[in-house]
1. Find the residue count for the range 77-99, including only residues that are surrounded by 10 or more Cβ atoms within 10 Å (Cβ to Cβ), modelled with pLDDT under 90 and within 12 Å of residue 143 (Cα to Cα).
2. What number of residues in the range 2-40 are among the hydrophobic types (A, V, I, L, M, F, W, C) and touching a helix residue (DSSP H, G or I) at 6+ places or on another chain (Cβ under 8 Å)?
3. Among the residues of the range 106-143, write down those that are under 27 Å from the mean Cα position of the chain (by Cα), among the polar types (S, T, N, Q) and surrounded by 11 or more Cβ atoms within 10 Å (Cβ to Cβ).
4. Which residue is nearest to residue 5 (Cα to Cα), if the candidates are limited to the range 30-76 and must be open to solvent by less than 50 Å² (accessible area, probe 1.4 Å) and in contact with a Pro (Cβ under 8 Å, 6 or more places away or on another chain)?
5. Can residue 139 be described as over 30 Å from residue 18 (Cβ atoms) and not aromatic (Phe, Trp, Tyr)?
6. Name the residue that is most open to solvent (accessible area, probe 1.4 Å), counting only residues in the range 4-24 that are part of a helix (DSSP H, G or I) and more than 20 Å from residue 56 (Cα to Cα).
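The values are calculated or read from the model by the stated rules, or taken from the named source; none is laboratory data. What you see is a predicted model; the values in this text were computed from it and never measured. Quick reminder, even Gly has a Cβ in these numbers, built from the backbone with ideal geometry, and neighbours come from all protein chains shown. Please note that ligands, DNA and RNA were not included when accessible areas were found on the heavy atoms of the full protein model with its side chains. Shrake-Rupley method; radii C 1.70, N 1.55, O 1.52, S 1.80 Å.
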Amino acid sequence: MVFAPDPAVEAEISALEKLPLKGLRELWRARLGRVPKHQSADLLRRRLAYELQVRAYGGLRAEVRRRLSKLHKAFADDPNYTPQASQRLKAGTVLTREWKGVTHQVSILINGFEYSGEHYRSLSDIARRITRTKWSGPAFFGLRKAGR
């Protein structure tokens, strides 16, 4: 999202740098209510800046909050968890796969996929057309491990 920063909000955030811990706590209480306990001036300053920005410009999108929640749970369940890179495909990307000696290319569109001059709603439809058998499109094009 592109927005024009509000000079008043930006000035308030800049002023946080000069406030001691007591001043940060007072500002938190006045603007946000109950002050979190046991936080350093640096952490309180960062949290205050974030909260001021959220109130002025809006918070994280629901999609991002869900992703963060899933990541939190995954790390809590397994401290060695390694997240996978996002598989969101951007329009204009071209996927290439060789199958039985023939190279196949799929263009990612805003509203689906193009393969061999035809529009498709899913990669799986394209994988089925190429292989003549049921395939996961993301697995066929190497975006996901097969059998997952």
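1. 1
2. Qualifying residue count, the range 2-40: 11.
3. Selection gives 107, 122, 124, 136.
4. 44
5. Criteria met by residue 139.
6. Among those that are part of a helix (DSSP H, G or I) and more than 20 Å from residue 56 (Cα to Cα), it is 18.
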